[in-house]
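Structure first, commentary second.
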């Protein structure tokens, strides 16, 4: 029971970070119809930016904020320089361009920082609390709460502020938005900037939990199952699916894998099921696409032939 | 097919084999790498360029081919049969991956192939009796028609021959009813249905045929490397093949070959430059960076690829509408509607 609770808390913490990245993907998809493969790259770049700024001696809060600012700039620049010339190109071509961006960003970080994992300077105070028999480090608490709060804050922003309203208009019907005087292409740039900033923060949080390496970019690939399970056009869906997948992964890692391996060892020659928790999101993704392709919260109609 | 095209194909194959004989072991290695990549790119081009179904699982499919051919070869099956067996097995897996495409729209399907890639990679590591697990499967020297492939020159010649056969078969295919049905499905599924084309069956054939060719290419990769390991068939390999057909030019049949040559030879060139400037530790990063930039720049500025560049330079003719459409051209724009309308 204690183990289950411990796993649930850890899962919720990583899950809220997934949600943060997935929110960015959904935001970009809603606004510009593009599935952004480079979201993982934004997370990685954000983490490296925080690392550089922290090493330069900036206080933690300032460094993280500054790296979010840098990422917002990079996101807006991507939209202006790469996506805008491709406005009339087919969706598949745009997807491949974002894949190219991911490859470039990873290569650039590899060239500058090398392939080895780097210890991330402490952002949150060291130590842990123990409550109800479980033991959680401040890192996990802070990352989980920060990510969850930002995700909720972002949903509120999107639902209840004038800027959020303009975002929703631009995403729903760009012509109508233009007609009532919304500068749609600025809104799209803003959406990319916000997505990149959110992903950058998520990357920094992940780096505080697991260390910093270019493998961080792979997190973007886990975000795809999250987005599809939640529904590609649903921000709430991304949040819920992120948390659910985080907890599921954590339980798979901590409970299911050992149990399965015990059974297999007793009955067959197989000794290990490997990183089952890494393939689980994709299995869920396939299941979801076959059973309910619009996702948990998505609207029906856009996805089926 | 016109006699001229056939003669051209034969001439290209002859030149490739002559090159592999003249340039020694390294030349043979390069020719073999280009030929095998060319086969894989042809297979992906059939799926993406001709049928309009985007797939990120090409790397894993090549892996399936390598493992199946390797296991058959290790069991003493002749190389030709092993390659055919790899083709059939990969065709089956390819069709399985394609199943969701019968129901899902382009964008969702592309994500489904991403999942297929991840799941296959996991299976490569897990199915130890068949794949040798994380350390990989060691593959014995193959024999084709009982003749062992003893030197790199011979294996290069075998690869070029397979490439020639694949190229002839696939170009012929596009002149059949099925091949034309692929084009119609790419342009508009609604029109295809209206013309009485069974869209689901056409797509299933595209996946099966593309998978068959990919399996053979994978088998050749396995026989060439003598090892099939999980880290050789990752999403990065899929990206390499997508880069090949984009750089070469989607939906043409010379494009994949040009792209394969470009993508295989570029790292070699970068390696030479790197050695000259003494930056060996940056090489893999530089190679990846060049790849990413190539994909981005080609898609933005030259969506019809390298293979369309040459004729235009030579004759300086105005852009022909309707010739070998690509993703960025109006002719290829139908791919977009399948991916969902963009606001």
Starting from residues that are in contact with a helix residue (DSSP H, G or I) (Cβ under 7 Å, 6 or more places away or on another chain) and surrounded by 15 or more Cβ atoms within 10 Å (Cβ to Cβ), keep the ones in the range A:257-277 and report whichever is farthest from residue A:155 (Cα to Cα). A:270
Only one of these is more than 14 Å from chain A (Cβ to nearest Cβ), over 14 Å from the mean Cα position of the chain (by Cα) and at pLDDT below 85: B:313, B:227, B:283, B:265. Name it. B:313
Can you find, within the range B:98-110, the residue that is modelled with the lowest pLDDT among those that are farther than 20 Å from residue A:226 by Cβ, part of a helix (DSSP H, G or I) and at the interface with chain A (Cβ under 10 Å from one of its Cβ atoms)? B:106
Being at the interface with another protein chain (Cβ under 7 Å from one of its Cβ atoms) and crowded, with 23+ Cβ neighbours inside 10 Å is the filter here; which residues of the range A:102-116 pass it? A:103, A:106
Taking residue B:215 and the conditions (1) touching a helix residue (DSSP H, G or I) at 6+ places or on another chain (Cβ under 6 Å); (2) modelled with pLDDT of 90 or more; (3) within 28 Å of residue B:2 (Cβ to Cβ), which numbered condition does it fall short on, given that it satisfies the others? (3)
Before we move on, is residue B:124 within 21 Å of residue A:283 (Cα to Cα), touching a residue at least 24 places away in the same chain (Cβ under 8 Å) and in contact with a strand residue (DSSP E or B) (Cβ under 9 Å, 6 or more places away or on another chain)? yes
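Can you say whether residue B:68 is touching a strand residue (DSSP E or B) at 6+ places or on another chain (Cβ under 9 Å) and part of a helix (DSSP H, G or I), as far as the supplied structure shows?
Working: touching a strand residue (DSSP E or B) at 6+ places or on another chain (Cβ under 9 Å): no; part of a helix (DSSP H, G or I): yes.
So residue B:68 fails the test.
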Select from the range B:127-148 the residues that are touching a strand residue (DSSP E or B) at 6+ places or on another chain (Cβ under 7 Å) and more than 23 Å from residue A:260 (Cα to Cα) and write down the one among them that is nearest to the other protein chains (Cβ to nearest Cβ). B:136
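Conditions (1) at pLDDT below 85; (2) more than 14 Å from every other protein chain (Cβ to nearest Cβ); (3) on the phi > 0 side of the Ramachandran plot; (4) surrounded by fewer than 20 Cβ atoms within 10 Å (Cβ to Cβ), marked per residue:
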site: A:175; (1), (2), (3), (4): no, no, no, yes
site: A:195; (1), (2), (3), (4): no, yes, no, no
site: A:199; (1), (2), (3), (4): no, yes, no, no
site: A:208; (1), (2), (3), (4): no, yes, no, no
site: A:231; (1), (2), (3), (4): yes, no, yes, no
Kindly check whether there is at least one residue in the range A:83-96 that is part of a helix (DSSP H, G or I), within 14 Å of chain B (Cβ to nearest Cβ), within 30 Å of residue B:105 (Cβ to Cβ) and modelled with pLDDT of 90 or more. no
Condition first: assigned to a helix (DSSP H, G or I) and without any contact (Cβ under 8 Å) to a residue 12 or more places away in the chain. Can you find one or more residues in the range A:66-73 that meet it? no
Selection count, the range A:16-42, where residues are assigned to a helix (DSSP H, G or I) and within 14 Å of chain B (Cβ to nearest Cβ): 12
I'd like to know if the range B:43-58 contains one or more residues that are in contact (Cβ under 8 Å) with a residue 12 or more places away in the chain, in contact with a helix residue (DSSP H, G or I) (Cβ under 9 Å, 6 or more places away or on another chain), buried (at least 24 other Cβ atoms within 10 Å of the Cβ) and at positive phi. yes
Quick one: which of A:57, A:11 is more than 14 Å from chain B (Cβ to nearest Cβ) and outside any helix (DSSP H, G or I)? A:57
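The values are calculated or read from the model by the stated rules, or taken from the named source; none is laboratory data. Only a predicted model underlies this, so the values are computations on that prediction, with no experimental measurement involved. Virtual Cβ from ideal backbone geometry, glycine too; neighbours counted across all protein chains shown.
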